[in-house]
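See below for the structure under consideration.
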Amino acid sequence: MGCRRGKSWWLHGSLAALDADLRACGSRLIIRGGASAADLLGQLVRDTAARYVTSERGVTPAERARETAVGVSLRAVRVDHATFNARLLVDPSIIERASPFRVYSAYWRAVEPLVGAARQIAAPRRLLSPSTWPASDALDSLGLLPRPDWAGGLRATWQPGEAAAAQALRAFVDGSISCDADQRNQPAADRTSRLSPYLHFGELSARQVWQALDRPGSAAQRRSANVLRGELGWREFAHYLLAHFPLSSDESLDGSFDTVDWRADRTDLRAWQRGRTGYPLIDAGMRQLWQTGWMHNRVRMAVASFLVKDLLIPWQIGARWFWDTLVDADLANNTLGWQWTAGCGPDAAPFIRVFNPTLQAERFDAEGEFIRRYVPELANLPTPHILEPWKAPPLVLAEAGVDLGRTYPYPIVDHPAARKRALAAFSARVVSG
């Protein structure tokens, strides 16, 4: 099963929407590829006689390296280059501390008062345009759209672009979407904001969202706003950690996890990727990811726990799969989510916390609505058998058209036995002084 770059599909749509918005203002998007950003910007500066270049301040190691190279290149031709914090509520570099925060609650207590209010500036209706436009590559030349076209599920689920982002934010703020503490954990309820890809691609800024939440409303709207503020805080923490621990996207912050006796079972990994583990909630989540490029956060934790703890496959492998398939694939968020669930990161859930996939289904999809949506071969099974089809009587399975081992797999692991195996491997790791 090959990877699917959901974020590449989104980037194509986002750039197309940006170009359309710029053209409505009398401008346009210039696309150039085939060389380093420093070389390309240097050439564009020469083509346009530009004297000033601004860019978003990076957080990831690759972004920082690119930013440094661009600055050196532009200074060499005496062009001013300024970077601005456009991605986050608070720039990690202004948070002064002897050692970086590693606990979210302490971090957020210190950082939330720094958020403050920023003055909103309306987007210009017209932009100055040059007498002669510099050359630009075609958007299609970037090769971002899939060949063959597998993106039907993404198109049915998402609309990239700033206008769609604004509409999604309005729907949340106006109360059309409620993410209260109960409903937000139910994947079938579809009560999450789904703003993450718009934030990742800069079609919304965190400050825009924060300010939109700061308005009067009903008690339910205020509860939903507080939930989203907390999620923005967690997003800030993820970027702060990556800025201070740039190797954490590939290395466990708790180095003892490197000595765990991990498994390299390609068959189990493939079953997890395809949504064929035999555990319906896990399979529904993985199929939602494959079809829509997104997964409900509660289910993300369950499938991550299953890979790392039930299957004893390193978290980095799961993180790479999410990176390839999510439309909101963000290096900082993806890293923190996986390290938290695996138990090897800062402020992490302990490794001994192993999600039981059946109990997770009972708690958050008790009627099997989410499972029926994404695992249609089980749709005719009555509740509660749809949560544990391997325990259903043969007659019930036959009436529902389920042939275990053929139309739907038996569980690839026994959860209680897998839990014991994981805890034994964790206990045997080497912890340095």
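What follows is calculated from the coordinates using simple rules that are stated; it is not laboratory data. Computed from a prediction, not measured in an experiment: that's the story for all the values here. Positions of Cβ are generated from backbone atoms using ideal geometry, with glycine treated the same way; all protein chains shown enter the neighbour counts.
How much FRET efficiency would the formula 1/(1 + (r/R0)^6) give for residue 404 and residue 263, where r is the Cβ-Cβ distance and R0 is 25 Å, rounded to 0.05? The partial results should precede the final answer.
Numbers: r = 24 Å, r/R0 = 0.98.
Step by step, r from the Cβ atoms, then E = 0.55.
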Inset, instruction - Please identify, among 120, 183, 221, the residue showing maximal mean-square fluctuation in a Gaussian network model of the chain using a 10 angstrom Cα cutoff. - result: 120
Inset, instruction - Given the options 417, 16, 86, state which has the largest fluctuation in a GNM of the chain using a 10 Å cut-off (strictly under) for Cα springs. - result: 417
Inset, instruction - Note the direction-averaged projected area, equal to a quarter of the hull surface, for the Cα convex hull of region 291-416, in nm². - result: 8.1
Inset, instruction - Return the long-range amide H neighbours of residue 408 (sequence gap of 5 or more, or a different chain), with a cut-off of under 5 Å between placed amide H atoms. - result: 403
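Can you bin region 6-88 into rounded, prolate or oblate? Criterion: square roots of the alpha carbon gyration tensor eigenvalues sorted a ≥ b ≥ c, rounded for a/c under 1.5, prolate for a/b above b/c, oblate for the rest.
Working: a/c = 1.71, a/b = 1.24, b/c = 1.38.
Cα axes put region 6-88 in the oblate bin.
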Legend entry - For region 261-275 versus region 1-64, the gap between their alpha-carbon centres in whole angstrom: 37
Legend entry - From phi via Karplus (6.51, -1.76, 1.60), per-residue ³J(HN,Hα) for region 372-389 in Hz, x at Gly/Pro: 4, 5, 10, 10, x, 5, 9, 4, 8, 6, x, 6, x, 5, 5, 7, 9, x
Legend entry - Among 267-279, 193-205, the order from most to least packed when residues are scored by Cβ within 10 Å on average: 193-205, 267-279
Inset, instruction - Read phi for every residue in region 247-256 and hand back ³J(HN,Hα) as whole Hz from Karplus 6.51 cos²θ - 1.76 cosθ + 1.60, θ = phi - 60°, with x for Gly and Pro. - result: 8, 5, 5, 10, 10, 5, 5, 8, x, 5
Legend entry - Selection from 428, 208, 240 lying farthest towards where the dipole of the chain points positive, charges on Cβ: 208
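Work out, step by step, the length gained on full extension between residue 64 and residue 121: first 0.36 nm times the residue separation, then minus their alpha carbon distance; give nm to one decimal. Each step should come with its number before you reach the end.
On the way: separation 57, 0.36 × 57 = 20.52 nm, distance 2.71 nm.
So the extension gain works out to 17.8 nm.
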Legend entry - Cα-based shape type of region 104-222, given that a ≥ b ≥ c are square roots of the gyration tensor eigenvalues and the cut on a/c is 1.5: oblate
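Could you work out the relative contact order of the chain? I mean the mean sequence separation of Cα pairs under 8 Å and 6+ apart, divided by the number of residues, in percent. It would help to have the intermediate numbers written out before the result.
Details: 550 pairs, mean separation 79.6, N = 433.
It rounds to 18 percent for the chain.
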Legend entry - Estimated inter-spin distance, residue 430 and residue 380, nm [label 7 Å along Cα→Cβ]: 5.6
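Compute the relative contact order of region 319-433 as a whole-number percentage, counting only Cα pairs closer than 8 Å that sit 6 or more residues apart in sequence.
Details: 80 pairs, mean separation 16.7, N = 115.
Reported as a whole number, the value is 15 percent.
Quick one, could you list the DSSP H helices from the chain stretching 24 Å or more along their long axis (Cα atoms) with average Kyte-Doolittle hydropathy of -0.5 or above? Spell out each step's value before the answer.
Details: long enough: 6-24 (28 Å, -0.02); 219-244 (38 Å, -0.42).
Both cut-offs are met by 6-24, 219-244.
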Inset, instruction - Equivalent ellipsoid semi-axes for the chain, as square roots of 5 times the alpha carbon gyration tensor eigenvalues: give them largest first, rounded to whole Å. - result: 40, 25, 23
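Neighbour counts of other C-beta atoms within 10 Å: give me 8, 73, 99 arranged from fewest to most.
Working: 8 17, 73 21, 99 6.
In order of increasing Cβ crowding within 10 Å: 99, 8, 73.
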Legend entry - Alpha-carbon centroids, region 288-321 and region 115-174: separation in whole Å: 28
Legend entry - 5 angstrom amide H check on residue 53, placed H, neighbours 5+ away: 80, 81, 82
Inset, instruction - Only Lys, Arg, Asp and Glu count, each charged at its Cβ (+1, +1, -1, -1), so figure out the dipole size of the chain about its Cα centre, rounded to 20 debye. - result: 520
Inset, instruction - Choose one answer from 15, 128, 114: the residue with the largest mean-square fluctuation in a GNM of the chain with alpha-carbon springs under 10 Å. - result: 128
Inset, instruction - Using +1 at the Cβ of each Lys and Arg and -1 at the Cβ of each Asp and Glu in the chain, identify which of 153, 361, 120 lies farthest towards the dipole's positive end. - result: 120
Inset, instruction - Could you work out how far apart the two model spin labels at residue 190 and residue 174 are, taking each label as a point 7 Å from the Cα in the direction of the beta carbon, and quote it in nm? - result: 1.7
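Using a simple charge model, +1 on the beta-carbon of Lys and Arg, -1 on the beta-carbon of Asp and Glu, nothing else, what dipole does region 9-103 show about its Cα centre, in debye to the nearest 20?
Numbers: 13 positive and 10 negative charges, 28 e Å.
That gives region 9-103 a dipole magnitude of about 140 debye.
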